[in-house]
């Protein structure tokens, strides 16, 4: 009987030691995995926010081109309205009502037939008739456009005597947490459309805003 009691005491002691050792191992494993888990969490959150912003920039380009292409004529106020409408799509990344909110760069350009139809059967080039830019945080390529510049399209978009409206958007996205995406990302998107009511939309009255 004494032998059995001694054996049981030893077993209980061994079980307690074993359990305490397991607790220590779990704590060490958790401490090792925690930084990885935190990094993965912020990585998923920041990547999702960046992709949403990228999608918004694409919507901005198509919206800006669509708004301008519906006009017969343009004024400086019309361009201001187009800038404001596209800016709304970028909320909450950009909010015009908040002081210091970083604007997107928006460039609207009318590219007209350059008369090279006979030599350029695919009509892949045109010349800038007018261009207006809302200066913002993003960087466009090319950085500037000027009246008379030649624009080359990747597809035959131009027709004889016609024109193409080009909307170019750039936004310097910065992560709100900066845990994984540390630096800003320059999101850009271009959209091309043709005027719906006239062959060529004249330069905005009153000039660029």
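Taking the Cβ-Cβ separation of residue 33 and residue 160 as r and a Förster radius of 45 Å, what is the calculated FRET efficiency to the nearest 0.05? Could you put the intermediate results ahead of the total?
On the way: r = 66 Å, r/R0 = 1.47.
About 0.10, to the nearest 0.05.
In terms of Cα atoms, the Rg and Dmax of the stretch 110-209 work out to 16.6, 56 Å. Taking every alpha-carbon pair under 8 Å whose residues sit at least 6 apart, the stretch 55-109 reaches a relative contact order of 35 percent. Each peptide in 165-175, 131-141 was scored by the mean count of other Cβ atoms within 10 Å over its residues; highest first, the order is 165-175, 131-141.
Neighbour counts of other C-beta atoms within 10 Å: give me 54, 107 arranged from fewest to most.
On the way: 54 15, 107 23.
The fewest-first ordering by Cβ neighbours comes to 54, 107.
Counting neighbouring beta carbons within 10 Å and listing from fewest to most, the residues 108, 49, 74 come out as 49, 74, 108. A convex hull fitted to the Cα coordinates of the stretch 33-190 yields 121 cubic angstrom per residue. Counting beta carbons within 10 Å around each of 111, 45, 98, 151 and listing the fewest first gives the order 98, 45, 151, 111.
How do 198-207, 61-70 rank on mean C-beta neighbours within 10 Å, highest first?
On the way: 198-207: 15.0, 61-70: 20.3.
Going by the mean number of other Cβ atoms within 10 Å, highest first, we get 61-70, 198-207.
When the chain is fully extended, how far beyond the present Cα-Cα distance does residue 98 get from residue 52, taking 0.36 nm per residue of separation? Let's see the in-between values first.
Values: separation 46, 0.36 × 46 = 16.56 nm, distance 2.05 nm.
That works out to 14.5 nm of additional length.
Read the figures in this text as sums done on the coordinates, not as results from a lab. Computed from a predicted model, the values in this text were never measured in an experiment. Note: ideal-geometry Cβ built from the backbone for every residue, glycine included; neighbour counts use all protein chains shown.
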